[in-house]
Amino acid sequence: MHGIAIANIYNLVYFRAFERAVAEQQVEYIVESQKMYSKNGREARSTINIFETFYSSWLRNVDDELKNELKSDSFAELLSKYIQDLLNLRSEFKKAGYPMDYLDRLFELFKQGQSAFFFQTAKESNLAPFDVAYRKDKSRLLHYRYEDKAEGSNFGADSDTKKKVRKRQPQPLLIIYAPINTFHILDLNPRKSVVRNLLSPGGLDIYLLDWGYPDSTDDHLSVEDYLRYIDDSVKIIKEQTGADKVSLMGYCWGGIFALIYSSLNNDNVRNLVLMAVPVDFSKDDTILTKWSKAVDIDRMMNELGRMDGQMLDLAFLMRNPPRYGFDKYMKSFQKMFDNEFVQTFIDVERWLYDTPPIPGALHRQIITDCYINNLLVSHRMQVGGKNTATGGGSKQQSTILAAVDLSKITMPVLTIIAEKDDLVSRASSLAINDHTSSKDKSVFQYPGGHVALCISDTAHKKLWPDVARWFLSR
């Protein structure tokens with residue numbers, strides 16, 4: 001019943017948006033458009049314009065209606081109840097003897113095979129040249145190679161600047177991607193690549209952490225495990241480059257990892273860039289944040305073990321089904337003769353729907369500590385590590401808890417804001433400047449969305465060259 005109620009809410013939103021569009025566009029234009037089939041081509045084109053105008057009006061109204069409805073307490077409560085219904089149903093199937101865990105594993109293997117066959121090969125073939133500097137479990141540390149002839153391999157400087165930069169000792173930069181989707185959006189293709197834009201001879205030496213494709217054997221991985229991957233990577237980078245410090249750039253949840261690591265290892269970090277990173281969750285008013293706070297995450301992770309990638313895809317789609325379900329395909333059809341646009345669109349879709357699961361322990365920890373309890377900015381978030389002590393001829397392991405104190409961050413900090421970001425609120429990201437002790441704080445604002453930071457022409461022509469110059473000036 002709760003599922004039907006949710007469907008009814010969406011349908012009512014679409015109907016209200018339709019009523020508003022009719023009022024805005026005048027009823028007589030819609031009636032008159034039915035007569036245009038028997039008239040000449042110029043009038044027929046006028047009909048198309050009328051319907052395009054009406055459709056655009058309806059879509060804008062849907063945006064407004066959904067934004068208000070989906071952020072409401074009543075919808076969040078209804079969604080929570082619906083998820084509880086699904087979890088209860090799954091639990092009852094398990095009690096009845098159905099092999100739900102086995103079926104989950106079969107589906108997991110199917111998705112991994114599908115990913116390897118349809119997505120991974122194509123995505124990997126688009127990457128800039130790299131070496132694998134380090135592997136641990138399913139993660140790997142990629143070290144990108146600068147190739148002067150590679151298309152897009154520059155950071156927007158003029159030729160004189162490039163000659164001066166070549167004489168410098170390269171500044172190592174570790175890019176920390178989020179555990180949501182895969183890192184390929186940062187190196188989508190030769191024309192749309194954040195990595196290629198930052199990569200430069202004698203300027204920035206780019207490393208990137210690829211989290212791989214977790215499965216049910218990784219459900220136990222927590223924030224602490226990801227911090228260990230980062231710490232191992234920093235050590236490897238320092239050994240390979242001879243640098244005493246490494247710059248970090250974190251994207252979304254990857255920025256949360258970068259923040260925590262920097263607060264605990266301030267002396268290891270040269271510069272810190274936070275790209276669309278939620279920091280103060282009391283100021284994050286996005287739809288997914290509202291839903292994340294409402295759902296019983298403990299019950300969900302206890303039952304499922306992990307946050308499935310397809311569930312994430314569905315949650316992203318539910319924010320605005322018309323926009324993300326069919327409008328983007330209609331717009332892409334209008335540009336079907338633009339080869340570069342079509343190729344980028346296919347690359348983005350290939351990335352978007354190849355979503356790995358998030359390990360259960362990690363997802364529970366981020367949602368509970370950050371989204372629900374907002375511990376990151378209150379100095380109450382604790383992360384632990386294993387300490388081995390020898391006593392009485394035997395080794396004993398104990399867990400040492402460390403409080404995350406953002407005020408211990410003293411290195412230069414750059415915050416990158418996407419003004420139309422509907423996944424991370426601007427105020428939530430900007431809050432970092434109220435909590436660090438850095439004397440060098442900068443903010444770059446980009447007039448686009450969360451993913452557009454990585455793929456838009458404007459970002460690659462203006463934003464990322466500016467980011468590269470920010471790094472190289474510090």
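Read-outs: derived from the displayed coordinates by stated rules, not from any lab. Here the structure is a predicted model, which is why all the values come from computation and not from measurement. Cβ sites come from the backbone with ideal geometry, for glycine too, and all protein chains shown count toward neighbours.
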Nothing charged except the Cβ atoms of Lys and Arg (+1) and of Asp and Glu (-1): what's the magnitude of the dipole of region 51-96 about its Cα centre? Round to the nearest 20 debye. 380
For region 313-353, with the dipole built from +1 on Lys and Arg beta-carbon atoms and -1 on Asp and Glu ones, taken about the Cα centre, which of ILE346, PHE316, SER332 lies farthest toward the positive end? PHE316
Once you have the Cα-Cα distance between LEU109 and GLU419, take 0.36 nm times their residue separation minus that, and quote the gain in nm to one decimal. 107.7 nm
Based on the Kirkwood radius over alpha-carbon pairs, what is the Stokes-Einstein translational diffusion coefficient of region 317-372 at 4 °C with 1.567 mPa s viscosity, in µm²/s? 93
Just check region 214-303 against the gyration tensor rule for me: Cα atoms, a ≥ b ≥ c as the square roots of the eigenvalues, rounded for a/c under 1.5, and otherwise prolate or oblate depending on whether a/b exceeds b/c. oblate
For region 397-474, compute the orientation-averaged projected area of the C-alpha convex hull (one quarter of its surface), in nm². 7.3
Does region 174-231 come out rounded, prolate or oblate, given a ≥ b ≥ c as the square roots of the eigenvalues of its C-alpha gyration tensor, rounded meaning a/c under 1.5 and, failing that, prolate meaning a/b above b/c? oblate
Protection proxy (average C-beta count within 10 Å per residue), highest first, orders 244-250, 415-421 as 244-250, 415-421
Starting from the coordinates of the alpha-carbon atoms of region 212-367, obtain the Kirkwood hydrodynamic radius over all distinct pairs and give the value in Å to one decimal. 18.2
Can you list residues whose amide H is under 5 Å from LEU375's amide H, if they're 5+ apart or on another chain and H is modeled 1.01 Å from N? CYS370
Starting from the Cα gyration tensor of region 241-286, take the square roots of the eigenvalues, sort them a ≥ b ≥ c, and report rounded, prolate or oblate (rounded when a/c is under 1.5, otherwise prolate if a/b is larger than b/c, else oblate). prolate
